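Visitor: Take a look at the following structure, please.
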Amino acid sequence: MEITWHGLSCFRLTDRGMLTVVTDPYEPAAGETLPKLKADVITVSRDEPGYSNVATVVGAQRGDVRVLRGAGEFEMGGVFITGVAMRPEKRRGDNTPRSTVFSYYYDGVNVVNLGQLPFVPTQAQIDALDTVDVLLLPVGGGDSLNAVQASEVVALIEPSIVVPMNFKTNGISPARKLDGVGKFLKEMGLAEVKPQESLKVTKGSLPEDTQVVVLEVRQ
């Protein structure tokens, strides 16, 4: 399967003969320019304008597009998709928004997108995700995980591959107040990781130890 990144928490997941998924398409106010993406399914981690601009994707193609916004189990086009609702432990006065974490099972590879998750999940919540092969992980702070929290999540989940997302890039609006990916890499003990155009992965190509893969923004 191939994973391409289009900024913030928007990815395109595809594999030959299987379903194409687009995650968290964002609005123009984000600063980046979302290209004309085509998909069979769109998943939305948080039902807010910054992550649910589904009209842009739907309008770029003909035919039906299914939109998944919450918890549930779905099997379509050879891909098994699970949405897991996550919220922090209840505290008085805590208005932390609820998020949906999606997993996408492609031919033996489980890709989990934490979307705009703003807190470190509990062990019970992590167990609901099963074994994670590829973790799409917010690292830039703002209204989602920051670098320190993100590194803690990696230690809890122990994925084969981590793909950082939702961090500051050249086109992102300063209003989002995101950190660059460097802070997360430092937390992971890495000086630098050369960005690549996309991630192509199969069950047989997964590394034994956790590997961080930084992707370029595709526009």
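Bear in mind these aren't lab numbers, they're just calculated from the coordinates by the rules spelled out. Note that the coordinates shown come from a computational prediction; the quantities given were computed from them, not determined experimentally. All Cβ positions, even for glycine, are placed from backbone atoms using ideal geometry, and neighbour counts span all protein chains on display.
Visitor: Using the Kirkwood radius built from alpha carbon pairs, what does the Stokes-Einstein equation give as D for the stretch 116-158 at 10 °C and 1.306 mPa s, in µm² per second?
Guide: Working: Rh = 10.5 Å.
This corresponds to a translational diffusion coefficient of 151 µm²/s.
Visitor: Exposed loop trypsin sites (Lys or Arg not before Pro) only (DSSP loop, at most 16 other Cβ atoms within 10 Å): please give the longest stretch of the chain free of them, not including the sites.
Guide: 99-176
Visitor: How much length is gained on full extension from R87 to T33, taking 0.36 nm per residue of separation minus their Cα-Cα distance?
Guide: Residue separation times 0.36 nm, minus the Cα-Cα distance, leaves 16.4 nm.
Visitor: Same structure, new question: Relative contact order, percent, of the chain when contacts are C-alpha pairs under 8 Å separated by at least 6 residues?
Guide: Taking the mean separation of contacting Cα pairs over the length of the chain, I get 19 percent.
Visitor: Which GluC sites (Glu not before Pro) does the stretch 153-204 hold that lie in a coil by DSSP with at most 13 other beta carbons within 10 Å?
Guide: E192, E197
Visitor: Next question, about the same structure. From the convex hull of the Cα coordinates of the chain, what is the mean projected area in square nanometres?
Guide: Computed as one quarter of the Cα hull surface, the answer is 11.5 nm².
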